[in-house]
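Novice: Provided herewith is a single structure, encoded as structure tokens, for subsequent inquiry.
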Amino acid sequence: KNVELAWIAAKHLLELEPDNPGNYVLLSNILVSAKLWGEASQARKLMKDNGISKPPGCSWIQVRNRVHTFVVGDKRNEQSDKIYKFLKEINDKVRLAGYLPNTDFVLQDLDQEEKEDVLCNHSEKLA
């Protein structure tokens, strides 16, 4: 992983598209994957200082001609308590069967259990 090259590319991207949150997030993710937490924090701070925010990812599902939207942590769905409870039951069962989630792709400085929770409550699983 060439972090120096990532910084150079990010500098050029930020000059071309200073308001594109994806450029900041991409740089931050590269730095986190290299376990450079401080530098990743700098990239996020730069984003915040420039007033740039990234909209949260979401997933959709259509049931009986009605579209349902899911965002992690969003409890506006009238059945969100049931959904989260059901998802927890499924996750508990697959873990008992021997499943171990691959947390290598969780690009946050969290402990192992928190990383697993991030994966288990992804918006695609909620949908």
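Novice: Determine whether Glu116 is free of Cβ contacts under 8 Å to residues at least 12 places away in the same chain and outside the structural domain of Glu15 (by TED's automatic domain parsing).
Specialist: Against the criterion (free of Cβ contacts under 8 Å to residues at least 12 places away in the same chain and outside the structural domain of Glu15 (by TED's automatic domain parsing)), Glu116 does not qualify.
Novice: Could we say that Gly73 is surrounded by fewer than 15 Cβ atoms within 10 Å (Cβ to Cβ), assigned to a loop (DSSP other than H, G, I, E, B), at pLDDT below 85 and at positive phi here?
Specialist: Answer is yes for this residue.
Novice: Another question, then. Show the residue pairs meeting these rules: Cβ distance below 6 Å; 6+ apart or different chains; first residue within the stretch 81-101 and under 15 Å from Glu116 (Cβ atoms) and in the same structural domain as Asn121 (by TED's automatic domain parsing); second residue of a type outside the set (Gly, Ala, Ser) and at pLDDT 90 or above.
Specialist: Nothing qualifies.
Novice: Tell me, which residue of the stretch 15-25 that is of a type outside the set (Ser, Thr, Tyr) and in contact with a Leu (Cβ under 8 Å, 6 or more places away or on another chain) is surrounded by the fewest Cβ atoms within 10 Å (Cβ to Cβ)?
Specialist: Among those that are of a type outside the set (Ser, Thr, Tyr) and in contact with a Leu (Cβ under 8 Å, 6 or more places away or on another chain), it is Asn20.
Novice: Collect the residues in the stretch 29-39 that are free of Cβ contacts under 8 Å to residues at least 24 places away in the same chain and touching a helix residue (DSSP H, G or I) at 6+ places or on another chain (Cβ under 9 Å), keeping them in residue-number order.
Specialist: The answer is Gly38, and nothing else.
Novice: Something else: Taking the condition more than 19 Å from Phe105 (Cα to Cα) and either in a helix (DSSP H, G or I) or touching a residue at least 24 places away in the same chain (Cβ under 8 Å) (or both), does Leu26 pass?
Specialist: No, not satisfied.
Novice: Moving on to the next point. May I ask you to verify whether Trp37 is touching a Ser or Thr at 6+ places or on another chain (Cβ under 6 Å), more than 16 Å from Cys120 (Cβ to Cβ) and at pLDDT 85 or above?
Specialist: no
Let's see how each residue does on (1) within 26 Å of Asn20 (Cβ to Cβ); (2) assigned to a loop (DSSP other than H, G, I, E, B):
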{"residue": "Gly51", "(1), (2)": "yes, yes"}
{"residue": "Pro56", "(1), (2)": "yes, yes"}
{"residue": "His68", "(1), (2)": "no, no"}
{"residue": "Tyr84", "(1), (2)": "no, no"}
{"residue": "Lys88", "(1), (2)": "no, no"}
{"residue": "Asp92", "(1), (2)": "no, no"}
{"residue": "Gly98", "(1), (2)": "no, yes"}
{"residue": "Gln108", "(1), (2)": "yes, yes"}
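The values are calculated or read from the model by the stated rules, or taken from the named source; none is laboratory data. Only a predicted model underlies this, so the values are computations on that prediction, with no experimental measurement involved. Backbone-built Cβ (ideal geometry, glycine too); neighbour counts: all protein chains shown.
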